[in-house]
Structures are given as structure tokens and as C-alpha cells.
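Below is one structure, written out as C-alpha cells; comments come after it.
The values are calculated or read from the model by the stated rules, or taken from the named source; none is laboratory data. Please read all numbers here as calculations on a predicted model, not as lab measurements. Quick reminder, even Gly has a Cβ in these numbers, built from the backbone with ideal geometry, and neighbours come from all protein chains shown. For the accessible areas, the whole protein counts, side chains as well, though only heavy atoms, and no ligand, DNA or RNA atoms are used. Shrake-Rupley method; radii C 1.70, N 1.55, O 1.52, S 1.80 Å.
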Amino acid sequence: MKQDKIGKEITSKFGNQLRTRVNGIFIQDEKILMIRHLMGDDRIFWSVPGGGMNYGSDAKNNLRREFAEETGLTVEIGDFLFVHEFLRPPLHAIELFFEVKSGSGQVKLGKDPELEDNHQIITEIAWMSISELHSLPPESVHQIFWGINSLKDLGLWKGYFNFENNYLK
């Protein structure tokens, strides 16, 4: 990651440490709710809503908070789906993925309260089909979407995945 202002902010707040994150897979009308992040050097990264866990709050409550912050929605959290290890230095996270069953409120672009207003990385929110996700460059989409053929595949996965993280070699 280059060290422009956004890259420095991301590294400062989230880099060079192992983080535990919660993520919600919310599918509605054959589309999944996605968040576009600016990652420094004008690179983008599309992923599902989610973020770091706060000490003393369980995973489902952390995910409800993240959805409210990023999307404006109040959501019902469903089943735990799988664990993914994200490793793209300086970022390293153990990500817990949950099904999101329903939401109330209006979808609106939120912000990351850990970042200053002039360094926000959340830039867009969208409902996307699997074909729309596949039309994006793979490096700009979370690894969990690289090899799936349908959004239903995400609900079938169980276990731990790291999708060949080879960043430390």
C-alpha cells in the first residue's frame, strides 16, 4: 500500500496488528449489500459491511453496530457462516462472517467513526449481483467473491478459509 494520506491513515489505524472483524452477508432480491472503500493510492476495495470488534461486546452486537454506522440499517443477525483470514500487509484480520436476515430503515452511506471526516474511506454503498461483482477487477473485490458462482454459495461455506494468502513469502 502506498503511503498517500489515505494509505497512511489506514496503516496508522488498522495496520501492523492482528484485528478481529465481523462481517455481514445481506442478500436481498439476488443482490448483496456491498461497501466501496478507498484504500490509498486511489485503489478501491468492495466488501460487505463490517468492521473491528469492540472489547466487551459480542460478535452479533458488534455487527449490528457496524451495519448502523456504515449503512444506516438496523439488522437482524442470523447464523454464523465461516471464518476468513485476510492478509494483505500491512492489514491482517481474522474475519467472522454472519448471515444478515433482514434490515429496517433506509440504506444510506455511513462513515467509519475511527477515521477523521477528511480521511473517510467508505465511498459508496450498493446492492450488487454476482455478475456485477465478477465484472470488477478481482483485486478490488474481497477474496470471498473470487471463486463463487452464485450468492447462495456463500451460505453453504462452513469452516476456515484463507484463499492462499501468500503475502508473507
Non-local residues with an amide H under 5 Å from the amide H of residue 141, with H modelled 1.01 Å from N and Pro and chain starts lacking one, are 46
Across 10 Å bins beginning at 0, the whole-percent shares of Cα-Cα pair distances in the stretch 60-112 come to 24, 43, 30, 3
So if we plug the beta-carbon distance of residue 29 and residue 4 into 1/(1 + (r/R0)^6) with R0 = 30 Å, what FRET efficiency do we get, rounded to 0.05?
-> 0.20
Virtual spin-label span in nm between residue 74 and residue 149, 7 Å along Cα→Cβ = 4.1
Flagged as over-length at 30 Å C-alpha distance, from 31/158; 5/152; 60/108; 5/158, the pairs are 5/152; 5/158
Heavy-atom accessible area per residue of the stretch 64-154, all protein chains kept, 1.4 Å probe, expressed in Å², is 47
Extended-chain gain in nm, criterion 0.36 nm per residue less alpha-carbon gap, residue 83 and residue 108 = 6.3 nm
Of the heavy-atom accessible surface of the stretch 73-128 (probe 1.4 angstrom), what whole percent is carbon and sulfur?
-> 50
